[in-house]
Amino acid sequence: MTTPPTEDPLKPIYRDSLIENPLREKDLRTRDTALLCIDMQYLDAAEGYGLFRDYDKSPIPLEEMAYYFERLKTTVLPNVHNLQNCFRTHGLEVIHVRIQSLTKDGRDRSKGHKRLELHAAPGSGDACFLEEVAPQGDEIIINKTASGVFSSTNLHYVLNNMEITSLYVCGVYTNECVETTVRDACDLGYLVTIIDDGCATVTPDLHNASLKTLRDRYARILTTEEALNDVEEYGVSQKPHLSQS
C-alpha cells in the first residue's frame, strides 16, 4: 500500500504562479494594489453590540467570546489600523466591506442572512464601522448581505475600473467572510495576500485551519510586519487618489 504524501504535491505549481508571482511587486509600484478590510463593524466585532448584545442568547461560549475580543483589541485592530495608514501614505486604496442591507427591514438580504437572522439596517449602529479602523475621506465602502463580497456586490467591477489586480485582505471572521472572499478573489484572478494577525475568528483552531487550507494555494499568508515591509519596499510615497476633488 502506497503511503500518501505529507506535502501538497501541487504546492510548487501554485507557488510559482500565484505566491511568488513578480506581478505583486509591480502592482505595488503602480498602485494596482488595495487593502480590503472585511466586516470591521459593530455588528460582529464589538463587545456588547450586534451579535454579542445578549450574552445569554449567544451561541458562542463566553470563553471563546473572550478570546475573540481579546485578539481584536490587542492584535487585529492595532494591526489593521497600521496597515490602513501605511496604504494611505503610499497612495494605495483602502476599501471597506461591511454587512448592511439596502432596506430598513432587510427584505433585500440574502436567503442565508435571513435564515441566520443577520441584519444591519442602513444608518443603524450595527452597520457602523469600528472607530479605530473606520473609512477616511472618500475611501470606498462596499455593502453586502452574504458571506462573500464578490458574489453579492459589484466589487469586482469596481476593482476592474481602478485596474486593481492585487489584494491584501484583513478582517473577520477568518473562516467565514474572509475565507470566502479570498477564494473568490483568487478564482477571479487577483493575487491575494492574507494578513494572519490582521484577521480573527472565535477560536484559534478555526483561524489556523482556515489559513492552512488557503496558504500557498489561494493566497500568500503574511504577518502585519511583513506586509508593511512589502509596501514600504515597493510602494511609492504619494497620495494621488486622495488629492483629487
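Can you tell me how many residues in segment 122-141 are over 18 Å from residue 83 (Cα atoms) and surrounded by fewer than 19 Cβ atoms within 10 Å (Cβ to Cβ)? Here the count works out to 5.
For segment 10-64, the set of residues classified as in contact with a Phe, Trp or Tyr (Cβ under 6 Å, 6 or more places away or on another chain) and at positive phi consists of 50 only. Comparison of 156, 207 shows that the only residue that is in contact with an Asp or Glu (Cβ under 9 Å, 6 or more places away or on another chain) and over 22 Å from residue 82 (Cβ atoms) is 156.
For residue 57, the criteria (1) over 16 Å from the mean Cα position of the chain (by Cα); (2) at pLDDT 95 or above; (3) surrounded by fewer than 21 Cβ atoms within 10 Å (Cβ to Cβ); (4) not small (Gly, Ala, Ser) hold in every case but one, which is (2). The residues in segment 116-131 that are farther than 17 Å from residue 72 by Cβ and hydrophobic (A, V, I, L, M, F, W, C) can be counted, and the count is 5.
The residues in segment 60-103 that are of a type in the set (Gly, Ala, Ser) and at pLDDT 95 or above can be counted, and the count is 2. Among the residues of segment 32-47, is any surrounded by fewer than 15 Cβ atoms within 10 Å (Cβ to Cβ) and either more than 16 Å from the chain's Cα centre (by Cα) or of a type in the set (Gly, Ala, Ser) (or both)? Within segment 32-47, none of the residues are surrounded by fewer than 15 Cβ atoms within 10 Å (Cβ to Cβ) and either more than 16 Å from the chain's Cα centre (by Cα) or of a type in the set (Gly, Ala, Ser) (or both). No other residue among 119, 96 is buried (at least 20 other Cβ atoms within 10 Å of the Cβ) and within 16 Å of residue 80 (Cα to Cα) apart from 96. In segment 188-207, the residue that is nearest to residue 40 (Cα to Cα) out of those that are out of contact with any helix residue (DSSP H, G or I) (no Cβ under 7 Å at 6 or more places or on another chain) and in a loop (DSSP other than H, G, I, E, B) is 190. Only a single item in (1) touching a helix residue (DSSP H, G or I) at 6+ places or on another chain (Cβ under 7 Å); (2) surrounded by 15 or more Cβ atoms within 10 Å (Cβ to Cβ); (3) over 28 Å from residue 75 (Cβ atoms) is not met by residue 151, and it is number (2).
For segment 7-46, residues that are out of contact with any strand residue (DSSP E or B) (no Cβ under 6 Å at 6 or more places or on another chain), part of a loop (DSSP other than H, G, I, E, B) and within 20 Å of residue 100 (Cβ to Cβ) total 1.
The values are calculated or read from the model by the stated rules, or taken from the named source; none is laboratory data. Just so it is clear, the structure is predicted and the values come from calculations on it, not from any experiment. Please note: Cβ atoms are built from the backbone with ideal geometry, for glycine as well, and neighbour counts cover all protein chains shown.
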